[in-house]
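*Asks:* Encoded as structure tokens, here's the structure I'll be asking about.
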Amino acid sequence: AVLLEEGDNTGSDKTAEPFAEKLRNEYQQLHEKLFESNIYHMVKRANELPVNIAYEQVIALWRENIEPLLLTAIDQPDRTAEVAASYLNQVERFVSNIDNLVLQIQKNSENKNELLGIFEGMSVFLFFMVIIYMIIRIDTKLVKPLVKLVKAARHISAGDFSHRVDYEGNDELGLLTTVFNDMSTSLARHYRQLEELVDEKTTNLQQSNQVLDCLYQTAKKLSKSPLRKTTLSEIITNLQKATLLEQVSLCLASEANTENYDLILPIGKTDPCLIKDCVNCSRKNKNGESIGGSLEYSFPLGDEENVYGFLYLKCSDSRGLEDWQKRLIDAVVDNLSSAIILQDRELQSRRLILFEERSIIARELHDSLAQSLSYMRMQVSRLSKLHGRKAPEEDIKSGLDDLQEGLATAYKHLRELLDTFRLQLNAPTLLSALEATVNEFQRRHPNISLIYELGHCPLTPNEDIHILHIVREALSNAVKHANAENISIRCFQLSTDEVCFAVEDNGIGLPESQEKEHRYGLLTMQERAALLGGSIKLSQGSDGGTTVLLVFPPKQFKDKKQASIGTY
């Protein structure tokens with residue numbers, strides 16, 4: 001409009017052409033803004049009725065009124081004044097339409113902004129709702145199952161395998177829960193099996209402890225000698241407590257292979273024997289015989305040759321004895337048999353020693369007192385005849401002197417025999433007994449020494465007695481007759497497993513009449529050496545002195561040789 005007014009005022013031909021050019025440019029710009037600018041594209045995109053109507057009004061006014069006027073002014077510059085007047089009449093309306101379009105576009109933008117705000121609010125609301133949903137979903141599907149799993153793990157760590165996780169799902173946590181519950185079930189089953197195994201092992205250990213205690217008490221009581229009825233009663237009492245049997249009794253004979261048994265019951269039991277048939281009772285086997293729902297057993301005491309009695313058992317359980325009960329009973333029976341056999345052998349050995357000692361006493365009395373008495377009897381008979389013949393007094397006095405000397409000799413031999421027969425082995429070992437003997441003889445001869453080099457060579461009590469007798473006899477002869485400054489006792493072992501006991505002195509040596517002077521002691525020592533399976537050797541050194549040597553093989557080595565020969 002301004003440009004048209006300016007063109008109307010110029011009105012000259014020189015300025016008409018630049019005016020038309022300017023007006024064409026303005027027209028072109030306005031046309032582009034109406035049909036090719038962002039406004040046009042925005043109206044098309046908006047596709048809103050108020051905006052479209054306002055835009056159509058602007059376009060219609062432009063095409064019907066404004067554009068023809070502008071084209072006329074451009075093409076016919078001489079009509080500028082006329083066009084300007086018409087154009088000015090249309091400008092206000094055109095501007096009003098443009099303002100309406102701008103207003104509608106603004107309203108549309110504001111509506112879109114409001115809608116965008118609503119969308120933003122709804123988006124924020126939905127975002128928070130999604131977050132809340134996700135939190136609830138995570139709490140439901142993840143946190144709570146994990147909390148339950150942790151709780152279940154704590155229960156399992158505390159030993160409670162019955163706790164289960166009550167979650168089911170097709171996701172990973174559901175699979176983990178199923179596996180965890182299966183693991184808990186498996187652990188509970190294994191734990192129960194382990195508890196049962198531990199209980200079984202505990203029961204077995206308790207049984208083993210009872211068995212060992214029973215065997216220990218049995219061995220401890222059997223080590224006491226001699227075996228008494230109270231000791232045997234205590235043993236079968238412990239056996240009954242350990243085996244939990246209904247009845248346990250011991251039938252024992254005073255001698256082997258007899259049928260006169262003595263009934264030994266556990267402590268506190270005084271019931272008499274109801275079977276009263278020891279022969280048939282002792283013939284029951286170890287497998288048991290069924291009698292009225294109970295099982296009876298009989299275990300013989302002894303070895304293959306001798307039977308000293310039997311152990312009677314009664315089991316109320318029809319299944320019979322268990323394996324551990326049988327093993328315990330067999331062990332106790334073996335210990336009882338060994339103890340009874342050893343005691344019987346010890347009694348027999350004592351009897352044998354007693355018989356040997358009586359035989360030795362008889363020989364000693366025969367070789368010493370009997371001969372002395374016989375000699376004195378002959379002297380009395382001779383004196384009686386001399387007295388009857390009224391022989392000279394000198395002959396009678398000579399006979400009386402011989403008789404007196406014989407009495408003195410007999411009395412001396414009697415004292416020596418009494419000292420020998422009163423000898424007792426009270427010391428616990430042979431070494432202790434030899435030391436006690438040396439201390440005894442040192443009262444009469446101070447220079448007596450003992451050299452004991454046997455080491456580990458156990459000897460039987462019978463051997464100890466004979467050795468002690470021989471050493472004492474040799475030591476007594478050395479003290480009385482050798483006139484020695486030093487006397488020594490040496491005990492050593494040869495490479496042939498034989499043991500040697502030597503009594504050595506540096507005295508005057510063997511006298512010419514040794515057979516007469518030492519015949520009683522030497523014979524006794526030789527007899528004792530023969531009983532040991534050895535020999536006595538007397539020897540004299542080149543520079544004087546006497547050695548009495550006892551050499552014999554100990555019983556343990558003889559038994560080993562015989563066993564090896566029998567095995568071969």
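The values are calculated or read from the model by the stated rules, or taken from the named source; none is laboratory data. Computed from a predicted model, the values in this text were never measured in an experiment. Because the Cβ atoms are built from the backbone with ideal geometry, glycine has one as well, and the counts that use them run over all protein chains shown. Each accessible area value is taken on the protein alone, full model and side chains, heavy atoms only, with ligands, DNA and RNA left out. Shrake-Rupley method; radii C 1.70, N 1.55, O 1.52, S 1.80 Å.
*Asks:* Kindly indicate which of Gln210, Gln206, Gln193 is of a type in the set (S, T, N, Q), surrounded by fewer than 12 Cβ atoms within 10 Å (Cβ to Cβ) and within 30 Å of Asn238 (Cα to Cα).
*Replies:* Numbers: Gln210 fails: surrounded by fewer than 12 Cβ atoms within 10 Å (Cβ to Cβ); Gln193 fails: within 30 Å of Asn238 (Cα to Cα).
Exactly one of Gln210, Gln206, Gln193 is of a type in the set (S, T, N, Q), surrounded by fewer than 12 Cβ atoms within 10 Å (Cβ to Cβ) and within 30 Å of Asn238 (Cα to Cα), namely Gln206.
*Asks:* Can you tell me which residues in the range 175-192 are under 24 Å from Thr140 (Cβ atoms) and in contact (Cβ under 8 Å) with a residue 12 or more places away in the chain?
*Replies:* Across the range 175-192, the qualifying residues are Leu176, Thr177, Phe180, Asn181, Ser184.
*Asks:* Moving to a separate point now. Out of the range 48-77, which residues are crowded, with 18+ Cβ neighbours inside 10 Å, farther than 13 Å from His31 by Cα and hydrophobic (A, V, I, L, M, F, W, C)?
*Replies:* Val51, Ala54, Leu69, Ala73, Ile74 - these are the residues of the range 48-77 that are crowded, with 18+ Cβ neighbours inside 10 Å, farther than 13 Å from His31 by Cα and hydrophobic (A, V, I, L, M, F, W, C).
*Asks:* Still on this structure: So which residues in the range 480-530 are open to solvent by 20 Å² or more (accessible area, probe 1.4 Å), within 60 Å of the chain's Cα centre (by Cα), at pLDDT below 85 and not small (Gly, Ala, Ser), if there are any at all?
*Replies:* Of everything in the range 480-530, those that are open to solvent by 20 Å² or more (accessible area, probe 1.4 Å), within 60 Å of the chain's Cα centre (by Cα), at pLDDT below 85 and not small (Gly, Ala, Ser) turn out to be Thr496, Asp497, Glu527.
*Asks:* While we're here: Could you grab the pairs with beta carbons closer than 9 Å, sequence gap of 6+ or different chains, first residue in the range 379-390 and touching a residue at least 12 places away in the same chain (Cβ under 8 Å) and of a type outside the set (S, T, N, Q), second one outside any helix (DSSP H, G or I) and open to solvent by 60 Å² or more (accessible area, probe 1.4 Å)?
*Replies:* Within 9 Å, the pairs are Leu386/Pro392.
*Asks:* Okay, next question. Are any residues in the range 133-164 of a type outside the set (Gly, Ala, Ser), open to solvent by 50 Å² or more (accessible area, probe 1.4 Å) and assigned to a loop (DSSP other than H, G, I, E, B), and if so, which ones?
*Replies:* Asp160, Arg164
*Asks:* Still on this structure: In the range 258-274, which residues are at pLDDT below 80, hydrophobic (A, V, I, L, M, F, W, C) and open to solvent by 100 Å² or more (accessible area, probe 1.4 Å)?
*Replies:* Residue satisfying the conditions is Leu274 alone.
*Asks:* Within the group Thr177, Thr185, which residue is at pLDDT 85 or above, in contact with a Phe, Trp or Tyr (Cβ under 9 Å, 6 or more places away or on another chain), surrounded by 11 or more Cβ atoms within 10 Å (Cβ to Cβ) and hydroxyl-bearing (Ser, Thr, Tyr)? Spell out how you get there, then give the answer.
*Replies:* On the way: Thr177 fails: at pLDDT 85 or above.
Step by step, each of Thr177, Thr185 is checked, and only Thr185 is at pLDDT 85 or above, in contact with a Phe, Trp or Tyr (Cβ under 9 Å, 6 or more places away or on another chain), surrounded by 11 or more Cβ atoms within 10 Å (Cβ to Cβ) and hydroxyl-bearing (Ser, Thr, Tyr).
*Asks:* So which residues in the range 317-334 are part of a loop (DSSP other than H, G, I, E, B) and either farther than 18 Å from Pro300 by Cβ or at pLDDT 85 or above (or both)?
*Replies:* Matches in the range 317-334: Asp317, Ser318, Arg319, Gly320, Glu322.
*Asks:* Is there a residue in the range 460-471 that is more than 28 Å from Ser359 (Cα to Cα) and modelled with pLDDT under 90?
*Replies:* No.
*Asks:* Hey, another quick one. Select from the range 234-249 the residues that are open to solvent by less than 20 Å² (accessible area, probe 1.4 Å) and outside any helix (DSSP H, G or I) and list them in ascending order.
*Replies:* Scanning the range 234-249 gives Leu245, Val248, Ser249.
*Asks:* Further question: For the range 458-493, which positions are out of contact with any strand residue (DSSP E or B) (no Cβ under 6 Å at 6 or more places or on another chain) and assigned to a loop (DSSP other than H, G, I, E, B)?
*Replies:* Pro458, Leu459, Thr460, Asn483, Glu485, Asn486
*Asks:* Of all residues in the range 213-228, count the ones that are open to solvent by less than 40 Å² (accessible area, probe 1.4 Å) and of a type in the set (A, V, I, L, M). Don't jump to the end; show me each part of the working.
*Replies:* Of all residues in the range 213-228, those open to solvent by less than 40 Å² (accessible area, probe 1.4 Å) come to 214, 218, 221-222, 227.
So of that shortlist, the ones also of a type in the set (A, V, I, L, M) come out as 222, 227.
Summing the residues that are open to solvent by less than 40 Å² (accessible area, probe 1.4 Å) and of a type in the set (A, V, I, L, M) in the range 213-228 gives 2.
*Asks:* Additional query: Could you check Thr231 against (1) modelled with pLDDT under 85; (2) more than 28 Å from the chain's Cα centre (by Cα); (3) open to solvent by less than 60 Å² (accessible area, probe 1.4 Å) and say which number it fails?
*Replies:* Only one criterion in (1) modelled with pLDDT under 85; (2) more than 28 Å from the chain's Cα centre (by Cα); (3) open to solvent by less than 60 Å² (accessible area, probe 1.4 Å) is unmet by Thr231, namely (1).
*Asks:* Now, a different point. Mind telling me which of the residues Glu435, Glu405 ends up being outside any loop (DSSP other than H, G, I, E, B), more than 60 Å from the chain's Cα centre (by Cα) and either modelled with pLDDT of 80 or more or acidic (Asp, Glu) (or both)?
*Replies:* The conditions single out Glu405.
*Asks:* If the requirement is being farther than 30 Å from Leu265 by Cα, assigned to a helix (DSSP H, G or I) and more than 28 Å from the chain's Cα centre (by Cα), which of these qualifies: Val179, Val198?
*Replies:* On the way: Val198 fails: more than 28 Å from the chain's Cα centre (by Cα).
Testing whether each residue is farther than 30 Å from Leu265 by Cα, assigned to a helix (DSSP H, G or I) and more than 28 Å from the chain's Cα centre (by Cα) leaves just Val179.
*Asks:* How do the pairs read when you match residues in the range 133-153 that are over 15 Å from Asp171 (Cβ atoms) with residues anywhere that are open to solvent by less than 70 Å² (accessible area, probe 1.4 Å) and outside any helix (DSSP H, G or I), using Cβ under 8 Å and keeping only pairs 6 or more apart or on different chains?
*Replies:* Lys151/His163; Ala152/His163; Ala152/Val165
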